[in-house]
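Participant: Below: one structure in C-alpha cells.
The values are calculated or read from the model by the stated rules, or taken from the named source; none is laboratory data. No experiment lies behind these values; they were computed from the predicted model shown. Cβ: placed from backbone, ideal geometry, glycine included. Neighbour counts: every protein chain shown.
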Amino acid sequence: MKVRISLLFFVFIFVFTSPIVAQEKQDNDDEEGVSDKSVTAGNEQKNYYLFSARVNVTVPHPVSNGAFKKCFVGIYEASGGLNLMLYKGVFVGGAYKNGLMKITENKIANYNASMQMNNASGKIGGDLYLGEKNRVIFSAAISMGETWTHYYDLVAKDPKKVISNTSYTCSYFEPEMNLFFLVDDNFGIGATLTYTVFDHTFDPYELSLNDWSAFDKTNGGSTQFISFGFGIYYNFYKKKKQW
C-alpha cells in the first residue's frame, strides 16, 4: 500500500510541475518576442492576483480497502480555502473541508450509519493559463493536514456490546486538480478532482459491522476515496508587477 501511495505522489508531482515549467517557458518566450503582451493579437495579458479564494463542492467515492467500499457511499464534500500567490501562479494556502458518507440500504440491509469528516490542511500548488486568450486556468495542488472523523449511529447486534472506536484523528494528503473557465479576469467556475488518502486503516470489525455483513479480513488498507464536483475561483488584490 505504501508503494501505491508513493507512486501516486510522484505521478502527481510530475503532473503538477510540468505545467509550471511549461508556463515559465511560455512567459519567457512572450517576453523575448514582444514587449507588451496586452497588445499581442489574440493573446490577452495574464493577470496575477495576490490572493485567491476557492470553494469546491464534490461527491466522494471510496476506491481502496474492500471493506470500506462495501460499506459506504459518498454524500457530499464542501471545502473553502484561501491561497497566497508567490510567483507566476505558484501559490501556498490553507483550506477546510467538511464531508459526509453513509451506509445505505443497498450496502448493508437494515442498517443506517454515517461517517462525518472535518479536514484542515495546508497546500502548495500552481495555476496555468491555457489557450491564446488566457480564459481557462488549469490548477493543481497538493494538500496535507489533519482529519477529524466520527461515526454516528453504529450499533451491534448484542445490545450489551459497546462500540468504543467511533472516532479518530489522523494525517492525510490530497492531490487536487481543477479546470476553471474565467467569467471575468478574476472570477471563474469549473470542475474539480481530488484523491484523498487517510493515514488510517478502515476496520469493519472494530465497528461491529461484521455483525451485519460478512467481510474478508485480508481485504484491508488505508482509507482512500476519489471526489468529483465543481469549484468556484475568485481572485483579489491584483499584483502590480507583471512578470
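Participant: Just to check your reading of the model, which residue among S164, S213 is closer than 20 Å to P62 by Cα, polar (S, T, N, Q) and assigned to a loop (DSSP other than H, G, I, E, B)?
Facilitator: Of the residues listed, the single one that is closer than 20 Å to P62 by Cα, polar (S, T, N, Q) and assigned to a loop (DSSP other than H, G, I, E, B) is S213.
Participant: Among the candidates Y111, Y151, Y129, Y87, which residue alone is surrounded by fewer than 16 Cβ atoms within 10 Å (Cβ to Cβ) and either over 12 Å from the mean Cα position of the chain (by Cα) or touching a residue at least 12 places away in the same chain (Cβ under 8 Å) (or both)?
Facilitator: From the options Y111, Y151, Y129, Y87, the qualifying one is Y87.
Participant: If we scan the stretch 207-219, do we find a residue that is modelled with pLDDT of 90 or more and under 20 Å from the mean Cα position of the chain (by Cα)?
Facilitator: Within the stretch 207-219 (the criterion being modelled with pLDDT of 90 or more and under 20 Å from the mean Cα position of the chain (by Cα)), the answer is no, since none of the residues qualifies.
Participant: Pick out the one residue from Y205, Y233 that is buried (at least 21 other Cβ atoms within 10 Å of the Cβ) and either within 21 Å of L86 (Cβ to Cβ) or without any contact (Cβ under 8 Å) to a residue 24 or more places away in the chain (or both).
Facilitator: Y233
Participant: Hey, K69 hits all of (1) surrounded by 15 or more Cβ atoms within 10 Å (Cβ to Cβ); (2) in contact with a Leu (Cβ under 7 Å, 6 or more places away or on another chain) but one; which does it fall short on?
Facilitator: Only one criterion is unmet by K69, namely (2).
Participant: Please find, among L128, L100, the residue that is aliphatic (A, V, I, L, M) and closer than 19 Å to V63 by Cα.
Facilitator: Answer to the selection: L100.
Participant: At pLDDT 95 or above and over 30 Å from E206 (Cβ atoms): does that describe N56?
Facilitator: The answer is yes for N56.
Participant: Then there is this: From the set of residues in the stretch 192-202 that are within 17 Å of the chain's Cα centre (by Cα) and of a type in the set (A, V, I, L, M, F, W, C), which is surrounded by the fewest Cβ atoms within 10 Å (Cβ to Cβ)?
Facilitator: Top of the filtered list is L193.
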